[in-house]
1. What do you reckon, is residue A:207 part of a loop (DSSP other than H, G, I, E, B), within 30 Å of residue B:32 (Cβ to Cβ) and either more than 7 Å from chain B (Cβ to nearest Cβ) or among the polar types (S, T, N, Q) (or both)?
2. Suppose we keep only residues that are among the hydrophobic types (A, V, I, L, M, F, W, C) and within 14 Å of chain B (Cβ to nearest Cβ) within the range A:269-289. Which one would you say is surrounded by the most Cβ atoms within 10 Å (Cβ to Cβ)?
3. Under 7 Å between Cβ atoms, which residue pairs at least 6 apart in sequence (or on different chains) link something in the range A:174-187 that is outside any loop (DSSP other than H, G, I, E, B) with a partner that is of a type in the set (Lys, Arg) and surrounded by 24 or more Cβ atoms within 10 Å (Cβ to Cβ)?
4. Residue A:144 - would you say it is modelled with pLDDT of 70 or more, of a type in the set (Ser, Thr, Tyr) and under 19 Å from residue A:270 (Cβ atoms)?
5. Could you list all residues from the range A:247-265 that are at pLDDT below 70 and assigned to a loop (DSSP other than H, G, I, E, B)?
6. Among B:204, B:180, B:141, which is within 14 Å of chain A (Cβ to nearest Cβ) and surrounded by 21 or more Cβ atoms within 10 Å (Cβ to Cβ)?
7. Looking at (1) crowded, with 16+ Cβ neighbours inside 10 Å; (2) at pLDDT below 75, can you tell me which one residue B:71 breaks?
8. Can you find, within the range A:304-323, the residue that is farthest from the other protein chains (Cβ to nearest Cβ) among those that are touching a residue at least 60 places away in the same chain (Cβ under 8 Å) and within 8 Å of ligand 2 (Cβ to nearest atom)?
Amino acid sequence: MTEKDDRKLPKKEDLGKDPEEPAAEEKRIHPGEFSAARSWVASLVIAAASAAAIFFLTFDVSSPANAGWPQWTWAAFTSGIAFLIMKTGRVSRWRAVFFAVMAWGFVVRFKADLLGLKGSAFVTDAAQEVPYCHIALSSSILNSVYNQYLAVKSGAWREWGPLSLGFLWLAVTLALGQAWCSWVCWFGGLDDGFSRLLGKFRLRKLSLPPGLRDLPAGVLIFFVVVSMTSLKPEFCLWACPLKLTTGFLDPVDAVRKAQLAIFATIAVATLLLGPLILGKRVFCGLVCPFSAWQSLFGRINPFRVTVDAGRCTKCRACSWSCPTFSIELPPPSGTAAAALPRILPYCNRCGECVDVCPTGAISYTVLDRVPARTLFILTALALGAAVGGLFVPDALRMTVAALTGGGR
Amino acid sequence: MALTGLIAEGLGLGLSTGLYCLGACAPVLVPYLLAEEPRFRRDLMVVGQFLLGRLAAYLLLAVVVGLAGARLTAMPGWVTGPALLVCGLVLLGYAFMRGAPRLDACARASASPAVRNIPLLMGFLVGINLCPPFMAGLVRLATIGSVAGCVAYFTAFFAGTTVYVLPVLLAAPLKSVERLRAAAAIACGLSGLWFAGLGLAKLLRLS
Ligand code: SF4
Ligand code: SF4
C-alpha cells in the first residue's frame, strides 16, 4: 500500500446534518487520500503530476501544429480540475465540470465538422449509415465482430473505424473499467450537466421501482440480438438520443420520421427533463446499453467503490445521492452487514457518494482492499483528458475563431 | 417426383436459407431463454417447445397447401401481420408477468401450464410468418400436388433451418451473470413491443 490510510471521523453532532452540504467536510479525509493533500503545496504537486501525464498522453511533439494554445489550455484546465479536487476534497463536483466541458467540446467539434463538410446537420453520406460510437459498438457488438472479420480479410482494418474504437475502448476499460461512463464518455457530460442545473430545486430521495435498474441491460440484450438479425445498428437508428448532438439521417420517409420522433422523445425525457427534475443521470442510469455493457466488462479493471462496514451509519445519504441509482439499500431488517448499502455493478465511479457520505465510509479502492483515491483520480483524469484532447482543443479553436470572425 | 427427391430439395432449401430463420427466431427466443430458470433441462424444453411450435405451423401449411394444390392462387399474406402482433403481445404479457411477480394474478399465471407452454405458441406464430425462404417453400409446395409430398418437403425444410436455430442454446450459460435474468425479462418486453410494432405496421400496410 503506497497511500496513507489516514482516517478522521467527523464530530458526532455533524452526522444528522444535510449530507449534501456537510459542515465538517474538511475533516472527512478519505481512505487513500494523503492527509496533507488538502494543502496548497500538495494539491499543486498533484495538479502538476496530472499535467505531466496529460502532456505525455496528448501532445504530439513531432508536430508543432498539435501543440498550440488550445492544447495548452486544455492541459491547464484539466490540471486545474485535479488541483480543485485535491484542494477541496470534492471529487464529483469538479469531475462534473470537466465532464460537461468534454461533452460541449465533442458536440461543437462534431457539428462543426458536419456543417463544414456536408453543409447540413444531417448525415447523408451513404458510406456511413449512422454515426459510430462506443454505444453503437456495444449495442451491435455481433455486427461489429462480423465487420471486423470482413475488415481483416480485406486489409481495411488499418482505417479508423470500429476496430480502432474497439482498441480505444479496450485500453480505457483496462485502465478505468466502469469509470469510462463518468470520466471519459463524451456524451455523459450532457445528462450529468443537466442533472445539476437546478441544484436544490430538483426532486431528491427518489427510489426506483424494483427491477427498473436492469433496464439498460435489457436494452442491451434486445438490441444486440435485433441488430445482428437485421444487420443494422438498430439502437442507433431507433433509440439513441445522442444523435441529436452529432448527426442523424435525413428524415426523408415515414420510417425515418418515426425514428426521429422516437429518439427525440427519448432525448427530451431522459437527457433533459428527467435529469433536470430528478437530479439523476436518467439516460446513463436507465437507458444507455453501454452502461450495462461496461458493468459487465468493466470488472476486468481493479478500481472499485467500497463501503466500509465499520464506518457506515446506514443513513442512506449515499443511496439518495447516487445519480445512476447504483446503490441498493436492503431492507433494514436482518444482520448489520446485510443492511449495508450495496454498490451495484452499474456504479460508474462518479464519486458523488464518496463526497456525500458524512462518515467517509465510501472510498475508491483497488479490489475493495487497498485505498486508492489519489491514484484513481489521477488515472481517470489523465485518460479522460487524453480522450478529450482528440476534440476539445479543436472545439476551442473553432469557437474562438467563430467569435472573432476568423472562420474555421 | 419421388419422396426422397422432395426431402432432399426441402433440406437443401432449409440449409441454404436458415440464417433468415435465426433472424426471425432469435429476438423472440434469446430473451425468453435468458429470462427462464438457469437449468439446462428447462433450456432444452424451451427450445424444444419452440421448435415444435414451428414444426406445427409448417405442417399445418403443408397440409392446407397439399389439399388445395394448384387451386391455391393467392398465398395467405394477411397472416403475417396478426401473427407478429399476437407474438408481440404474448411476449409483452410474459415480460409484465415476470416483472410483477408480487401481483397475485401474475404469480398464479406464471404457475399455469399455459404460460409454461408459451414457447410452443411463439414457435407457431413465428413459424407462420412469411419470410423469404418460407415463401419460396410455399411456392414450391403449390406445385407438388399431394399432401404426403408437401408434408415431406416442409418437414425436411424445417430440419434444415433448425440447424441454425439451435445455437441459441449457447446463450444459456450467460444466465450465471448477476441480474441477467431480470434484464432478459425486460428484453422480452422490448421484443414484444418490437414485434407488436412490426405486426401493426404490416396490418396498416405501412411496410
Ligand atoms: S455509506 Fe451510505 S448509508 Fe453508510 S453512512 Fe455513508 S452515506 Fe450513509
Ligand atoms: S455508487 Fe457512488 S460512485 Fe458509483 S455511480 Fe453511484 S454515486 Fe457514483
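1. Spelling it out, residue A:207 is indeed part of a loop (DSSP other than H, G, I, E, B), within 30 Å of residue B:32 (Cβ to Cβ) and either more than 7 Å from chain B (Cβ to nearest Cβ) or among the polar types (S, T, N, Q) (or both).
2. Restricting to residues being among the hydrophobic types (A, V, I, L, M, F, W, C) and within 14 Å of chain B (Cβ to nearest Cβ), the top hit is A:288.
3. Matching pairs, first to second residue: A:178/A:349; A:179/A:349; A:182/A:95; A:182/A:349; A:183/A:95.
4. Judged against the criteria, residue A:144 is not a match.
5. Matches in the range A:247-265: A:247, A:250, A:251, A:252.
6. The unique qualifying residue is B:180.
7. With (1) crowded, with 16+ Cβ neighbours inside 10 Å; (2) at pLDDT below 75 applied to residue B:71, the lone miss is (1).
8. Once the filter is applied, the top-ranked residue is A:321.
The values are calculated or read from the model by the stated rules, or taken from the named source; none is laboratory data. Since the structure is predicted, the reported quantities are computational estimates derived from the model, not experimental observations. We place every Cβ from the backbone using ideal geometry, glycine too, and count neighbours over all the protein chains shown.
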